[in-house]
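Step one of this worksheet: look at the structure below.
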Amino acid sequence: MFNRFCFYILPQIQHNIQCLTLDPWSMTSVLSIGNYPKLHKLTLINLKVEMANSIFCTDSSFVSIFQHQISNLVIMINGTSGYQYRWCLCSCIFAQISMKFTNLTHFQFDLINNCIYALELACLPSECYSSSIVHLNLKVKTFNDCLWLLNGHLSQLHTLVVHVEHIHNTSEIINNKKTVSNLKCFSLTSFSITLEYDNQIIPLLHHMSQLEKLTLSFYVHGRTSFIDGAHLNNYIISKMPYLHGFNFDIVTEIVIIKNEYLPTSDDVRRPLIEKGYNVDCYVDYLGTERGRCHIYSVSSTMERMHVITNKFPDGIFMNVRMVYVSDSMHSIEYDFFVRISQAFPLLEDLTVLSTVNQQKSTNELDEHEQTFSIIEYSHLMTLDLISSHIDYAKQFLLKTSLPRLSTLGIDYEHFVNVTENFTSNTARANCANLKNIIFRNKPRILREKFFNYFPLVLNIHRVENC
């Protein structure tokens, strides 16, 4: 069917095609059919780093044909391996595309499916940035790389969507404020803990007085007060007179409370609700001196979300595809994961970070809970349990239905235990479609029964102790 489409149908319509979405399997066949004179938007999905490198970093026919024609380009790199040379390749690919595609206005360089590469841009020469780009979406390694993008290299930029791996202290200074002051839409997200919210993020936002749309997602430590509705209004919203769209998902954790009065959830959200924002939040305290707070937009269009503690309220988040669950104070119990499956019905990527053992095993659930003891995550493809207690591995692999699970991160010894040395039929059902496994503490040599247990696995990787 595909061959017939390529040889009999495409040649008749190729001169009218304006947009194409291709994967590695179809790319060569489709692009060799014709010249596609009206093609201006191209999306390439599930590319391996090496294949993307061969396409864009060499004198390929693809580049020579389309480099002056494509104005909207989406590249989706898919991978789980983190070898240093692949980090360098990603940055090289980005640079080559920016230089060679002279009429590029919209550029999305996406790193998907637990891909742990990120762009390092601060070391690239300034000529690597295309002055024609107005909309840029990418994942970078550090906050320094984000500032580098805003330092006047992209003079026409009006929309920047950037996910930062690590927001640390940086000495980078924005000398040319033209780009940052002209931005209309800005999205800054990070799942890693940061101590630099007040020192780095807020000063950057204060340069963006022309913003109309803003998206923020952070996991903040080291403050003496919550990032609450009053703070967001006083330090962000009031500084942006043209702002009409503000989505956020912000956790403030390990806050050392210095006030005698402990803020309630209503205290945190009320200032924004009074201004017409649809927000919710929850707070949690350990004694009277330590606390944490999660405030977020209820109608958010964001695809990623932090979740902390069992106090996460009910709700339905149809846009969210990736959730990061963490709780350093309490165990995360069965009923919480039931609510997560209901709150995020289209969830594709879940990370659980908790070293606290569950108080109640699945065998100890009460009669009502036993009725619904099998939780189903029907769309979940990536599950990261690398930094979690073994109880969570038992729950997800033995008492949860994961029909589409293809990528799993887990401690190797936990995996051996839960699968009963790769013999458990129950765990095998959830692992039947696994193609990528990321182990912590993986031995150098895997047993033969391991490969018999996972016949579809293509990639096995190791990470050091977390």
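Identify, from the list Leu138, Leu149, the residue that is at pLDDT 90 or above and buried (at least 21 other Cβ atoms within 10 Å of the Cβ).
That would be Leu138, the only listed residue that is at pLDDT 90 or above and buried (at least 21 other Cβ atoms within 10 Å of the Cβ).
Return the pair list, or none, for Cβ contacts closer than 6 Å from residues in the range 7-23 that are assigned to a helix (DSSP H, G or I) to residues that are of a type in the set (Phe, Trp, Tyr), at least 6 apart or on different chains.
Listed by first residue and then by second, the contacts come to Gln14/Tyr36.
Looking for whichever is of a type in the set (A, V, I, L, M), modelled with pLDDT under 90 and under 26 Å from the mean Cα position of the chain (by Cα) here; the options are Ala432, Ala393. Which one fits?
Working: Ala393 fails: modelled with pLDDT under 90.
Testing whether each residue is of a type in the set (A, V, I, L, M), modelled with pLDDT under 90 and under 26 Å from the mean Cα position of the chain (by Cα) leaves just Ala432.
Any idea which of (1) within 18 Å of the chain's Cα centre (by Cα); (2) modelled with pLDDT under 90; (3) surrounded by fewer than 17 Cβ atoms within 10 Å (Cβ to Cβ) is the one Thr288 doesn't satisfy?
(1) is the only condition that Thr288 fails.
Enumerate the pairs (first residue in the range 433-458 and within 13 Å of Glu413 (Cα to Cα); second residue anywhere and at pLDDT below 85 and basic (Lys, Arg)) with beta-carbon separation below 7 Å, excluding pairs fewer than 6 apart on the same chain, so at least 6 apart or on different chains.
Note: pairs meeting the criteria are Phe439/Arg462; Lys442/Arg462.
Identify, from the list Ile116, Ile167, the residue that is over 30 Å from Gln69 (Cβ atoms) and either among the charged types (D, E, K, R) or modelled with pLDDT of 90 or more (or both).
After ruling out the rest, the residue left standing is Ile167.
How many residues are crowded, with 17+ Cβ neighbours inside 10 Å and more than 23 Å from Asp110 (Cβ to Cβ) when one looks only at the range 11-23?
Number of matching residues: 1.
A quick yes/no check of all residues on (1) of a type in the set (Lys, Arg); (2) under 28 Å from the mean Cα position of the chain (by Cα):
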residue	(1), (2)
Phe226	no, yes
Tyr261	no, no
Asp266	no, no
Pro271	no, no
Arg292	yes, yes
Val298	no, yes
His306	no, yes
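Here's the yes/no breakdown for (1) surrounded by fewer than 19 Cβ atoms within 10 Å (Cβ to Cβ); (2) within 19 Å of Gly291 (Cβ to Cβ):
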{"position": "Leu204", "(1), (2)": "yes, no"}
{"position": "Asn233", "(1), (2)": "yes, no"}
{"position": "Ile250", "(1), (2)": "no, yes"}
{"position": "Val255", "(1), (2)": "no, yes"}
{"position": "Tyr277", "(1), (2)": "no, no"}
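Return the residues of the range 170-200 that are of a type in the set (Gly, Ala, Ser) and either in contact with a Cys (Cβ under 9 Å, 6 or more places away or on another chain) or at pLDDT 95 or above (or both); say none if nothing qualifies.
Ser187, the sole residue that qualifies.
Out of Leu402, Leu408, Leu385, Leu365, which single residue is modelled with pLDDT of 90 or more, out of contact with any strand residue (DSSP E or B) (no Cβ under 6 Å at 6 or more places or on another chain) and of a type in the set (A, V, I, L, M)?
Leu402
Check Pro11 against each of (1) under 22 Å from Leu89 (Cβ atoms); (2) touching a Gly at 6+ places or on another chain (Cβ under 9 Å) and name the one condition it does not meet.
Only one criterion in (1) under 22 Å from Leu89 (Cβ atoms); (2) touching a Gly at 6+ places or on another chain (Cβ under 9 Å) is unmet by Pro11, namely (1).
Of the residues in the range 291-311, how many are touching a helix residue (DSSP H, G or I) at 6+ places or on another chain (Cβ under 8 Å) and surrounded by 21 or more Cβ atoms within 10 Å (Cβ to Cβ)?
Result for the range 291-311: 3.
Across the range 24-43, which residue is surrounded by the most Cβ atoms within 10 Å (Cβ to Cβ) among those that are β-branched (Val, Ile, Thr) and touching a residue at least 12 places away in the same chain (Cβ under 8 Å)?
Val30
This table checks each residue for (1) over 16 Å from Arg404 (Cβ atoms); (2) hydroxyl-bearing (Ser, Thr, Tyr).
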position	(1), (2)
Thr426	yes, yes
Ile437	no, no
Arg444	yes, no
Arg447	yes, no
Phe454	no, no
Ile460	yes, no
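Six or more apart or on different chains, Cβ under 6 Å: which pairs go from a residue in the range 257-275 that's among the basic types (Lys, Arg) to one that's surrounded by fewer than 10 Cβ atoms within 10 Å (Cβ to Cβ) and modelled with pLDDT under 95? Could you list them?
Lys258/Thr224
Identify all residues within the range 377-395 that are in contact with a Gly (Cβ under 7 Å, 6 or more places away or on another chain) and part of a loop (DSSP other than H, G, I, E, B); write none if there are none.
Listed by number, the residues that qualify are Leu385, Ile386.
Quick one: Val74 ticks every box in (1) of a type in the set (A, V, I, L, M); (2) at pLDDT below 90; (3) more than 30 Å from Ile410 (Cα to Cα) bar one, so which box is it?
The one condition Val74 does not meet is (2).
Looking at Cys90, Cys57, can you tell me which residue is modelled with pLDDT under 90 and surrounded by fewer than 19 Cβ atoms within 10 Å (Cβ to Cβ)?
Just one listed residue meets the conditions, Cys57.
Within the range 174-197, identify whether any single residue is in contact with a helix residue (DSSP H, G or I) (Cβ under 7 Å, 6 or more places away or on another chain), of a type in the set (Phe, Trp, Tyr), touching a residue at least 60 places away in the same chain (Cβ under 8 Å) and surrounded by 14 or more Cβ atoms within 10 Å (Cβ to Cβ), and answer yes or no.
No; the residues of the range 174-197 include none that is in contact with a helix residue (DSSP H, G or I) (Cβ under 7 Å, 6 or more places away or on another chain), of a type in the set (Phe, Trp, Tyr), touching a residue at least 60 places away in the same chain (Cβ under 8 Å) and surrounded by 14 or more Cβ atoms within 10 Å (Cβ to Cβ).
The values are calculated or read from the model by the stated rules, or taken from the named source; none is laboratory data. Only a predicted model underlies this, so the values are computations on that prediction, with no experimental measurement involved. Note that we place each Cβ from the backbone using ideal geometry, even for glycine, and neighbour counts take in every protein chain shown.
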